[in-house]
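Participant: The structure under discussion is supplied below as C-alpha cells; questions concerning it will follow.
The values are calculated or read from the model by the stated rules, or taken from the named source; none is laboratory data. Since this is a predicted model, take the numbers as computed values, not measurements. Using ideal geometry, Cβ is built from the backbone for each residue, glycine included, and neighbour counts are taken over all protein chains shown.
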C-alpha cells in the first residue's frame, strides 16, 4: 500500500473515469460491472490513505475556536 495520497487519488480517479466511459459507450460491460463491484473498496482505499497519510497545510484553530472559514475573518462573519 502506498503512502502517497495523490497517487491513490489519481489511480482511483482514472479507474472510475474508465468505468464511466465503459458505461457511456456500452463497451465491455463485464469489465464495467467488475469495476462497479470493487468501487466501494477503491473509495475506502482513498479515504484510508488520505486520513492516514494526508498532511494538512492550512491554518490551525485557536483554543477557543471550534470551526471556521479560511477565506473570511472571524469578525466578518454575521451572527445567525
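Participant: In segment 22-31, how many residues are surrounded by fewer than 12 Cβ atoms within 10 Å (Cβ to Cβ) and not in a loop (DSSP other than H, G, I, E, B)?
Facilitator: Residues meeting the conditions: 3.
Participant: I would also like to ask the following. Restricting the search to segment 32-74, which residues are in a helix (DSSP H, G or I) and modelled with pLDDT under 75?
Facilitator: In the first step, residues of segment 32-74 are kept if they are in a helix (DSSP H, G or I); the result is 32-53, 74.
Across segment 32-74, the qualifying residue is only 74.
Participant: Considering (1) loosely packed, with under 10 Cβ neighbours inside 10 Å; (2) over 11 Å from the mean Cα position of the chain (by Cα), say which one residue 51 fails and leave the rest.
Facilitator: Checking residue 51 against (1) loosely packed, with under 10 Cβ neighbours inside 10 Å; (2) over 11 Å from the mean Cα position of the chain (by Cα), the one that fails is (2).
Participant: A further question follows. Would you please list the contacts, defined by Cβ atoms under 8 Å and residues six or more apart or on different chains, that run from a residue in segment 11-27 that is at pLDDT below 95 to a residue that is assigned to a helix (DSSP H, G or I)?
Facilitator: Within 8 Å, the pairs are 27/21.
Participant: Quick check: anything in segment 22-38 within 30 Å of residue 56 (Cα to Cα) and touching a helix residue (DSSP H, G or I) at 6+ places or on another chain (Cβ under 8 Å)? Step through it out loud before you land on a result.
Facilitator: Start the filter on segment 22-38 by keeping residues that are within 30 Å of residue 56 (Cα to Cα), which leaves 38.
Now narrow it down to the ones that are touching a helix residue (DSSP H, G or I) at 6+ places or on another chain (Cβ under 8 Å): none.
Checked against the condition, which is being within 30 Å of residue 56 (Cα to Cα) and touching a helix residue (DSSP H, G or I) at 6+ places or on another chain (Cβ under 8 Å), segment 22-38 yields no hits at all.
Participant: Out of (1) surrounded by 14 or more Cβ atoms within 10 Å (Cβ to Cβ); (2) over 17 Å from the mean Cα position of the chain (by Cα), the odd one out for residue 42 is which?
Facilitator: It fails just one condition, (2).
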